[in-house]
Every structure is written in structure tokens, then in C-alpha cells.
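Inspection log for the structure reproduced underneath, given as C-alpha cells.
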Amino acid sequence: MTGEPKPTVGLFVTCLVDAIRPQIGFATLQLLQEAGCVVEVPQAQTCCGQPALNSGDDRDAAHLARQTIAAFEGYDYVVLPSGSCAATMVHGYPELLAGDPDWAARAQAMAAKTHEITSFLCDVMGYAPAGRRLNASATYHDSCSGLRELGIAAQPRALLSHVEGLEMRGLPGNDVCCGFGGTFCVKYSDISNAIVTEKAEAVEGTGAEILLAGDLGCLMNMAGKLHRRGAKTRCFHAVEVLAGRADGPAIGEDAS
């Protein structure tokens, strides 16, 4: 309704996006603004604590959770271009801080307003991209945390259906892990490599020109394997296509 205040969104960029692929953050910002949000990127944000949490370091993970909550609790929503980091905030923070009387309720409130970007655009804002075109074939990998912890599957596909010229092809085993798993790919590299090899074979089997997903860690893992296999498949985060920003180097390609 005209005159209603625009929702305020704290954009949590994530470590990988900040360090490796900042344009995912800019694409996320663009989409949120197009959806009618007032967006800020709090400078106090660092890591969400997921690596510490997954490694059993609850003390440091809880410290990072408190730091993140303090930086973001003033916004209507917290939005991230990552299902794994979002799941850490939605499920991990309340568990980590359940026994802390000063932070338990704040963690629950944070979890209730935290969303992965495609879920937020689709389920909360009712947004659909307009005027986007990409003449290419693509396939989609469902990253584990977003799919299993947050129920993200239909949302990115619904948004991508509005991109003119984009032919989406089904990926066999689309809901099977790519082998990344954060520190898992370092601790269990042989198992990780076997898993991502199967994923790469499935991706190549679709004949799609582009591989899309919603988590940069997974995309880096799959892009690396595809490159080493000599595949022509190019990898992008879904928001890059949705924002019309898939006209430059793909993940893992030389920007020069």
C-alpha cells in the first residue's frame, strides 16, 4: 500500500562472497532494492561462526553469534546469499545460546527474521525479476543446508522461470551433496573428491551451458572440478543471473 514504510534489511554478505566473489553481494543488494527494501550492510559483521560451529568449537561460535546478533537486531529482516550461513543463524544460534538468559530470546528473534535471499524474495516479498534475459541452458544444484535445513528448492526455480531465454534442465541427483561441506573437503579430501566427481559427471550429462546454485562454497567446489575435467560448463550463483549480472567471468574464470 502506498505510503507504507519500506522494510529494512541487514545484508549479511558472508565471508566467501566478500573475499572471493563480491559481485554476488552486489547482485543480492540490487535484487533487495528492486523488491522494495531499504538495505544496509553493517560494518561490524564478520563470520557467522559456521566453521567454528561445525568443528565443535561452541565457545567461539557463540561469541560470533552474539556479535552478529548485536550488529543486525535493529533491522526488520536479515538476508544472506547463502543457505548454509542462513541455516547457522536460524538453527545454530538459538541452540548455541539457549542456556544464556541474556541472549536466548535475542537469538530466537534473530532466527525468526533471517532468510536466504531467494526464499526472502519469493516467500516474503513476492518479488519476480522483470526485463531479464539470458539466452543459455542451465541446470540447478540444491545445496544441502538450504534444502534440508531451510526447505529451499522451489523458490530459486520460480524466480529463474522469469528470466527470458533461460532453458532450465533437470540435474540427476540435484539434491545430493557436491562434496564441499566446508571443512569436510579438507579433512576428508578423498571422499570429497569422489563425491564431486559424480556431481561433475551429472552436470556434464545434462549438456547445460551453466550450473547454478545458491551457495558459493558449493559452486567453487563444483567449478574447480569441472575446470579440472576440461568441461565447458560455467558456474554462477543464482542471484547473478536474476540480477542480470551473468555477462562477465564465471566463478573460477580469469577476470582478465
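The values are calculated or read from the model by the stated rules, or taken from the named source; none is laboratory data. Nothing here was measured: the structure is a model prediction, and the numbers come from that model. Because the Cβ atoms are built from the backbone with ideal geometry, glycine has one as well, and the counts that use them run over all protein chains shown. What goes into the accessible areas is simple: the full protein's heavy atoms, side chains included, and nothing from ligands, DNA or RNA. Shrake-Rupley method; radii C 1.70, N 1.55, O 1.52, S 1.80 Å.
Restricting attention to segment 224-254, the residues that are outside any strand (DSSP E or B), open to solvent by less than 50 Å² (accessible area, probe 1.4 Å) and either closer than 24 Å to Ala158 by Cα or touching a Lys or Arg at 6+ places or on another chain (Cβ under 7 Å) (or both) add up to 12. Would you check if Glu149 is farther than 21 Å from Leu80 by Cβ, open to solvent by 50 Å² or more (accessible area, probe 1.4 Å), touching a residue at least 24 places away in the same chain (Cβ under 8 Å) and assigned to a helix (DSSP H, G or I)? Taking the combined requirement at face value, the residue does not satisfy it.
In segment 66-76, the condition of being among the polar types (S, T, N, Q), more than 18 Å from Gly214 (Cα to Cα) and crowded, with 17+ Cβ neighbours inside 10 Å is met by at least one residue. Checked against (1) in a loop (DSSP other than H, G, I, E, B); (2) open to solvent by 40 Å² or more (accessible area, probe 1.4 Å), Gly179 meets all criteria but (2). Could you list all residues from segment 34-77 that are β-branched (Val, Ile, Thr) and outside any loop (DSSP other than H, G, I, E, B)? Those that are β-branched (Val, Ile, Thr) and outside any loop (DSSP other than H, G, I, E, B): Val38, Val39, Thr68, Ile69. Please go through (1) more than 18 Å from the chain's Cα centre (by Cα); (2) open to solvent by less than 30 Å² (accessible area, probe 1.4 Å); (3) farther than 24 Å from Glu34 by Cα for His141 and return the number of the only condition it doesn't satisfy. So the condition that His141 fails would be (1). Of all residue pairs spaced 6 or more apart or on separate chains, those with beta-carbon atoms under 6 Å, a first member in segment 189-205 that is farther than 10 Å from Gly179 by Cα and a second member that is open to solvent by 20 Å² or more (accessible area, probe 1.4 Å) and part of a helix (DSSP H, G or I) are Ala200/Lys225.
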